[in-house]
Amino acid sequence: MAKPVVAIVGRPNVGKSTLFNRLAGNRISIVEGEPNITRDRVYADISWLNNAFIMVDTGGLEPSNDDLIKNKIKYQAEIAMNEAELILFIVDGKSGITTTDQEIAQLLRRTNKKVILVVNKVDDFSNAEQLKWDFYSLGFDEPVSISAEHGKNTGDLLDIIVDNLPHIPNDNERDDLLNIAIIGKPNVGKSSLVNYIVGDERVIVSDIPGTTRDAIDTIVEKNGVKYNLIDTAGLRRKSRVKEAVEYYSVLRTIRAVERAEASLMLIDATEGITSQDKKIVGYAHESGKAIVIGVNKWDLVDKDNKLMEDYRDEIYYQLKFLNYAPITFISALTGERVDEVIKLLEYSIDQNNMRIKTGVLNEVLEEAILLREPPAVKGRRLKLYYATQVGIKPPTFVLFVNNPDLMHFSYQRYLDNTLRKAFGFIGTSIRIKLKSRK
C-alpha cells in the first residue's frame, strides 16, 4: 500500500520549510528569512511511532498575486494538495491572521481535504491557548500551537498527523530505488527532462535561470525499474553566488550527487562545453559514482553527418578526466533519445558495481606488464606482485608492488586503460591504489 501524503501549505515566510526540516530530521528544504525561497514540491519520508508517510513542502502561496513565478508556485502547491490525504495549513502566531491567510483558507476549504491548522512561531506557551482563539475565524478545527524553530510541541503535532492517516508501517519502501542526480548549469533543461520522463509538470519549468533551488526527488517506474530522479539546482559560477540561498543550492547539488548511484550531466548543445560545466561534472567525477553525459537541446542544432562525432570528440577533449562517460544527444522537449539515456544510466550503475575475480584480474595485469614493462626510475623498475579489487562505487584496486614511488603516472594510466579494455567499466571511474608488499 502506498504511503499517505501530507502537504504543508501557507503564505510565504511562516516557517513551512523550517517545520518540514524539523519533522524530516534533516535540512532538506532551504530555510532563509526571505519569502518565496521554496518554489517546487520537496518530498521527505517521515516515520513516527512505526507509522510512515510522505511529507511535501511547498512554496509560499499568494493566491491574488499574478506574478509569473508566484503563479507557478501556486500551481505546484495545488498539485501537492491534490496528492495529499492531509494538509497542514501553517500560519504565523506572531503576526496574526492576514488577508493572504484568509484567501488560502478559502482555497483549502474547496479541496474537501482534512486540514490541520498549525500556529507556528509560538515561543511562549503560557498564553498559547489565548493566542489560538484568534485563528478559529479561519474556519478549521482547533489549531495546534508549535515552534518549528525550537521543536516545541512538534511531537504532539506528529501524533495528531498519524491519528488522521491510515496506518502504514515504515517498510523502507525506497530501498529498491535507483537514485539519479540530474546536474548541470541553470536553464540547461534538467526540470524539462524530469517532466518529460514522468509525463507531468512535476517541477517548475521556466526560461528564467535558477528557477530550481532545492534538490527535488521524483519517483518514477520505467520497464519495471523504480528511479528516483533528483532534479538539482543549476550551479552558477562562484562569482555569481551572491545570495546565501545560492550557496545552499550548491550544497544541495553536491549532496544529491553523493546520495545518487549515478549522475546525468546535461550540457546545452547550443552553447557547448563551458568552464561551469567542467566544475559541475567534476563534483560527480570526484564522488566516484556512475556518470552519463547528455547533450540536451539537440533539436535546436543545425546538424550534418559529422556533427555528432565532432561534438563527442570535443567533449572528450575538454573533459579529459571523463573519457569513460558515455555521451548521448537528446531533446528533453521532444523526447529524442530519452529512453537511451535511461538505459545508459542503468548500465553505468551496473558497471560502477562490477567486481572482478582476483585470478582474472592478475592474469590481465600480468599480460599487460609482459607487453609493456614499467619504465625504470634511477635504475630501478616497478615490480607488481599481486592485485586485488577492494571496493566498488567506484571499482577500486590495490596493487602490491616493490615501491609505490616507482610508478610513473603514464604507466598507471596504461594500466587503467588495460582494465577498461578488458572489463569495460563504461560510465564509471576506477581507482588504482599502490601498496608496498612490505
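Heavy atoms of the protein only, probe of 1.4 Å, neighbouring chains included. What is the accessible area of Arg109 in Å², nearest 10?
110
When only the heavy atoms of the protein chains count and the probe is 1.4 Å, how do Phe89, Phe409, Phe321, Phe400 rank by accessible area, highest first?
Highest to lowest solvent-accessible surface, that is Phe409, Phe321, Phe400, Phe89.
Taking a 1.4 Å probe, which of Glu142, Glu261 shows the most accessible area, and what order do the others take after it?
Details: Glu142 105, Glu261 45 Å².
The most accessible residue leads, giving Glu142, Glu261.
Distance cut-off 32 Å, Cα to Cα: go down the list Lys306/Lys433; Lys289/Lys435; Lys3/Lys152; Lys3/Lys297 and report the pairs above it.
Cα-Cα > 32 Å for Lys306/Lys433; Lys3/Lys297; rest within.
Roughly how much of Arg380 is accessible, in Å² to the nearest 10, using a 1.4 Å probe?
Solvent-accessible area, nearest 10 Å²: 130 Å².
What does the net charge come to around Arg312 if you take all other residues with beta carbon closer than 15 Å to its beta carbon, with K and R at +1 and D and E at -1? All intermediate terms of the calculation are to be shown ahead of the outcome.
On the way: positive: Lys303, Lys306, Lys320, Arg337; negative: Asp277, Asp304, Glu309, Asp310, Asp313, Glu314, Glu340.
For residues surrounding Arg312, the net value is -3.
Solvent-accessible area of Ser126, probe 1.4 Å, all protein chains present, reported in Å² to the nearest ten, please.
Here the accessible area works out near 100 Å².
Ranked by accessible surface with a 1.4 Å probe, highest first, in what order do Lys185, Lys226, Lys393 come? The partial results should precede the final answer.
Values: Lys185 10, Lys226 70, Lys393 95 Å².
Ranking Lys185, Lys226, Lys393 by accessible area, largest first, yields Lys393, Lys226, Lys185.
The values are calculated or read from the model by the stated rules, or taken from the named source; none is laboratory data. As the structure is a computational prediction, the values presented were derived from the model and not from experiment. Heads up, the Cβs are rebuilt from the backbone with ideal geometry, glycines too, and the neighbour counts pull from every protein chain shown. Accessible surface areas use protein heavy atoms only, side chains included; no ligands, DNA or RNA. Shrake-Rupley method; radii C 1.70, N 1.55, O 1.52, S 1.80 Å.
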